[in-house]
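Beneath this line is the structure, given in structure tokens, with notes to follow.
The values are calculated or read from the model by the stated rules, or taken from the named source; none is laboratory data. Just so it is clear, the structure is predicted and the values come from calculations on it, not from any experiment. Neighbour counts are summed over all protein chains in view; Cβ atoms, including those assigned to glycine, are modelled from backbone coordinates with ideal geometry.
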Amino acid sequence: MAESKLLSVRNLSMRFGGLLAVDQVNMEVRPREVVSIIGPNGAGKTTVFNCISGFYRPTSGEVLFEGRPMHRLPGFKIARAGMVRTFQNVRLFKEMTVIENLLVAQHMQAERNLLKGLLLTAGYRRRESELMDRAAHWLERVGLVDFANREAGNLAYGQQRRLEIARCMVTRPRLLMLDEPAAGLNPNETRDLDRMIVQLKEEEGITVLLIEHDMSLVMGISDRIYVVNQGKPLAEGSPEEVRRNPEVIKAYLGEE
Ligand SMILES: Nc1ncnc2c1ncn2[C@@H]1O[C@H](COP(=O)(O)OP(=O)(O)OP(=O)(O)O)[C@@H](O)[C@H]1O
């Protein structure tokens, strides 16, 4: 396994009928980086995410996580391997409470011995209390302690987005994939999100792969940026390099 790479995407392509939505995309993510994918609407960013996280099986190409092939595995196995994601439209269990969402996420992640659960052994109870401790820790980290028993669907939108990130983090991923986490947030909430992502990287050592349209967020927190346009890779580099790239300005930034 190459130590320097957490995720390698090689020649990834995804075809929907006659549409080549992703065309030979290559990408590397190293541990503790924040890497962003940007590009105009319909460029193929979410399709790349869906291929990496196992929601789609790519038409061709490879996805290696810590050197292991992921591109033929179902999503739940990829999540268990340590890559978890959020969605453009928040997907929580809206009728469950905030804390229940965090407990269920951990239950779904773990391979559980149901019989042990039914027998309520000491080991099982110890494990349950660990899950609760971790849920409480992440509620604190995302500022939702006071909302622990609130139905998730009744939270403000910004709080739901934070809960979605907590729901990923309780499963102790190594790669956190965020699909437009700032969508629908007000400027204060976006600033909080910005701070939270930086803290995740600096304090938890988490690696982040991000799709985002909010350019000030992207430019502020990314170590590197990949630009895609009409499914094809257009540019790659530091925020400064990408900002100055004439092709990028023409295809994307110039659009704004
Ligand atoms: N399941 C699907 N079936 C058919 N076409 C699809 C499917 N998913 C995406 N597409 C098409 O693939 C192309 C890329 O879409 P994708 O959602 O990946 O773009 P995006 O860069 O994430 O866009 P946005 O920034 O608007 O979210 C679009 O033309 C889209 O209509």
Looking at (1) more than 16 Å from the ligand (Cβ to nearest atom); (2) over 18 Å from the mean Cα position of the chain (by Cα), which is the one condition that is false for Ala81?
(2)
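Modelled with pLDDT under 95 and in a loop (DSSP other than H, G, I, E, B): does that describe Arg72?
On the way: modelled with pLDDT under 95: yes; in a loop (DSSP other than H, G, I, E, B): yes.
Spelling it out, Arg72 is indeed modelled with pLDDT under 95 and in a loop (DSSP other than H, G, I, E, B).
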Only one of these is within 23 Å of Lys45 (Cα to Cα), surrounded by fewer than 21 Cβ atoms within 10 Å (Cβ to Cβ) and hydroxyl-bearing (Ser, Thr, Tyr): Thr171, Thr190. Name it.
Thr190
Run down Pro31, Pro40 and say which single residue is assigned to a loop (DSSP other than H, G, I, E, B), away from the ligand (no atom under 16 Å from the Cβ) and not aromatic (Phe, Trp, Tyr).
Pro31
I'm told Val104 meets every condition in (1) over 27 Å from Val242 (Cα atoms); (2) of a type in the set (Val, Ile, Thr); (3) in the same structural domain as Ala251 (by TED's automatic domain parsing); (4) in contact with a Phe, Trp or Tyr (Cβ under 8 Å, 6 or more places away or on another chain) except one. Can you identify the failing condition by its number?
(3)
Go through region 219-242 and count every residue that is in contact with a helix residue (DSSP H, G or I) (Cβ under 7 Å, 6 or more places away or on another chain) and either of a type in the set (A, V, I, L, M, F, W, C) or surrounded by fewer than 15 Cβ atoms within 10 Å (Cβ to Cβ) (or both).
9
Taking region 43-59, which residues are within 14 Å of the ligand (Cβ to nearest atom), assigned to a loop (DSSP other than H, G, I, E, B) and surrounded by 18 or more Cβ atoms within 10 Å (Cβ to Cβ)?
Ala43, Gly44, Ser53, Tyr56, Pro58
What number of residues within region 1-28 are modelled with pLDDT of 95 or more, more than 16 Å from the ligand (Cβ to nearest atom) and small (Gly, Ala, Ser)?
1
